[in-house]
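The values are calculated or read from the model by the stated rules, or taken from the named source; none is laboratory data. Owing to the predicted nature of the structure, the values given are computational and were not obtained by experimental measurement. Note: ideal-geometry Cβ built from the backbone for every residue, glycine included; neighbour counts use all protein chains shown.
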Amino acid sequence: MKIGEKIKNICKKNKVKFIINDDPLLALKLDADGCHLGQKDMNIKKAKKIIGKKIIGITCHNSMNLAKKAIKAKADYIAFGAFYQSKTKKTKHLASVKILNKVKKFTKTPTVAIGGINDINYKNLLLNNANFLAISSYIWKNKKFKPLQAIERLK
């Protein structure tokens, strides 16, 4: 809770949404802006009962079928990836920009690209219909740049 409160304040100060990963109950306790759910987490209907009308995003890996289910369940965004090898997690599902372009043909639901995104490859994802990028290891595990320097390189 202490760490969550600190991160929430940083997000608020920088006008960034505060989304809790995997845990709608923690999102509720912290009064977060929303929650992200993986395929093995709580289902979206149950999560909506807990956090109400706040943001709920769903991991769809590289699957149009999972994306269609998430859209039908009224997810606020759908996340695809990993697009590249990542230092954060083992890459179990590789996604390509084809899925971003394909999904945009039948929905306006925002898309998030995740996995191995850095200052070299991020523009390609944005140019291919990713509305948002989830970037972790490039910022927090970067051997060349400190976090703020890494973020500046993405502008």
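A few remarks follow.
- Selection within region 84-119 - closer than 14 Å to ALA134 by Cα, assigned to a loop (DSSP other than H, G, I, E, B) and of a type in the set (Ser, Thr, Tyr): TYR84, SER86, THR88
- Test for VAL112: is it assigned by TED's automatic domain parsing to the domain that holds LYS68, among the aliphatic types (A, V, I, L, M) and farther than 16 Å from LEU66 by Cα: no
- Pairs where the first residue, in region 1-14, is outside the structural domain of LEU25 (by TED's automatic domain parsing) and the second is at pLDDT 95 or above and surrounded by 11 or more Cβ atoms within 10 Å (Cβ to Cβ), C-beta under 7 Å, 6+ apart: none
Conditions (1) modelled with pLDDT of 95 or more; (2) not hydrophobic (A, V, I, L, M, F, W, C), marked per residue:
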{"residue": "LEU66", "(1), (2)": "yes, no"}
{"residue": "ALA70", "(1), (2)": "yes, no"}
{"residue": "LYS90", "(1), (2)": "no, yes"}
{"residue": "THR111", "(1), (2)": "yes, yes"}
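- For the residues ASP22, ASP33, the requirement of being acidic (Asp, Glu) and either at negative phi or touching a residue at least 40 places away in the same chain (Cβ under 8 Å) (or both) singles out ASP33.
- Residues of region 7-29 classified as hydrophobic (A, V, I, L, M, F, W, C), surrounded by fewer than 17 Cβ atoms within 10 Å (Cβ to Cβ) and part of a loop (DSSP other than H, G, I, E, B), total: 1
- Looking across region 14-53, the residues that are within 20 Å of LEU133 (Cα to Cα) and more than 15 Å from the chain's Cα centre (by Cα) come down to ASN14, LYS15.
So that you can scan it fast, the table gives a plain yes or no per residue for (1) within 17 Å of the chain's Cα centre (by Cα); (2) buried (at least 16 other Cβ atoms within 10 Å of the Cβ):
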site	(1), (2)
LYS72	no, no
ILE78	yes, yes
GLN85	yes, no
GLY116	yes, yes
LYS141	no, no
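- Residue count for region 64-83, restricted to those that are assigned to a loop (DSSP other than H, G, I, E, B) and either small (Gly, Ala, Ser) or in contact with a Cys (Cβ under 6 Å, 6 or more places away or on another chain) (or both): 3
- Residues in region 99-152 that are of a type in the set (D, E, K, R) and in contact with a helix residue (DSSP H, G or I) (Cβ under 9 Å, 6 or more places away or on another chain): 3 in all.
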